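Down below is the structure, laid out as structure tokens.
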Amino acid sequence: MTRIATWNVNSLKARLPRVEEWITLAQPDILCIQETKMKNEAFPTEAFTALGYESVHHGQGQWNGVAIISRVGIKNVTSGFDDLEDPYEGDARLIAATCGGLRTVNVYVPNGREVPSEFYDRKLLWLAQLKNWLTTTSSSKDSVVVLGDFNVAPEDKDVWSMEAFAGLTHVTKLERAAIAALEEWGLSDSFRQLHQEDGLYSFWDYRGGDFHKKHGMRIDLVLASKAVEKRVISALIDRDARKGEKPSDHAPVVIELSD
DNA sequence: ATGGTAGCGCTGCTA
């Protein structure tokens, strides 16, 4: 069995004790984290080594930053869109590696801020470029997972209230079409494969007591190629990780694959 | 109730 997870930690410096605690408890084989908010030289490699994990980080500084933490090996590491143009040039939003035979693509999709805005336009371009990059660097016939914080809620039932999101990012037709385009390439939403009900969220804004009001969104996704889809045996969102002292505003999403 | 909270880093930006 292989257990893979994605978690937007909202600053690895602020969250390291909780990340270490969660790894010990949840025992992921591969953990993809987003928003490390640190430079590569500040990345706490030794903390993960001490837990039995290798790690690679594509960091930036005070914003963004993505890392893969694995106890099943890390090979063929790449970051960004390689030679393709990045609509968010300079941002550290993508790192990919092969971990235990699984091509693992960890993404932190741009937020988009407002509709309309040039940030929103570039979010759509970024998602389109992600598909182009996948097409040129991978085969959907292989074992591929594209996982991370997509900053898109794929369906109405993935947000607590569509009325509250009228006119906002994360739920627009074009953002959802960009996710659908990734799925057309040959990926499927592993969590929805096993759970169809509403009210299952992975993010709650810190503001306004949203977590306690159950005002959440499901924007952290694990998109799996067909070869991986066949192996999915469980999927969960670890809401407990959103509780207690100094939680991230996101909960980890955990998928288990049969061998 | 257009406030509210968190992180970075030191003033305001980002989410």
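Read the figures in this text as sums done on the coordinates, not as results from a lab. Just so we're clear, the structure is a prediction, and the values are computed from it rather than from any experiment. All Cβ positions, even for glycine, are placed from backbone atoms using ideal geometry, and neighbour counts span all protein chains on display.
Where the centroid of each part is defined by its Cα atoms, how far is segment A:121-144 from segment A:193-229 in Å? Spelled out, the Cα-based centre of one part sits 22 Å from the other.
Counted by Cβ distance under 14 Å from residue A:129, the other residues give a net charge of -3, where Lys and Arg count +1 and Asp and Glu count -1. Extension gain for residue A:142-residue A:173 works out to 8.2 nm (0.36 nm per residue, less the C-alpha to C-alpha distance).
By the rule of a C-alpha distance below 16 Å, with chain neighbours fewer than 8 residues away ignored, the lysines paired with residue A:243 are A:213, A:214. Would you tally the net charge around residue A:195, using a Cβ to Cβ cut-off of less than 11 Å, leaving residue A:195 out, and scoring K and R as +1, D and E as -1? Around residue A:195, the charge tally is 0.
In this simple spin-label model, placing a label point 7 Å from the Cα along the Cα-to-Cβ direction at both residue A:195 and residue A:239 gives a separation of 0.9 nm. Full extension of the chain segment joining residue A:25 with residue A:113 gains 28.2 nm, where the gain is 0.36 nm per residue of separation less the Cα-Cα distance. FRET efficiency for the residue A:157 to residue A:83 pair, using the beta carbon distance and R₀ = 41 Å, is estimated at 0.60.
Counting only whole DSSP H helices of chain A, there are none at least 24 Å long by C-alpha along their axis and with mean Kyte-Doolittle hydropathy no lower than 0.0.
For segment A:2-257, the pair-distance distribution built from all alpha carbon pairs, in bins 5 Å wide starting at 0, is 1, 6, 14, 19, 22, 18, 13, 5, 1, 0 percent.
With a cut-off of 9 Å between beta carbons, the residues surrounding residue A:250 carry a summed charge of -3, where Lys and Arg count +1 and Asp and Glu -1.
Here the peptides A:216-227, A:83-94, A:234-245, A:7-18 are ranked by packing, the mean other Cβ count within 10 Å, and the order with the highest first is A:216-227, A:7-18, A:83-94, A:234-245.
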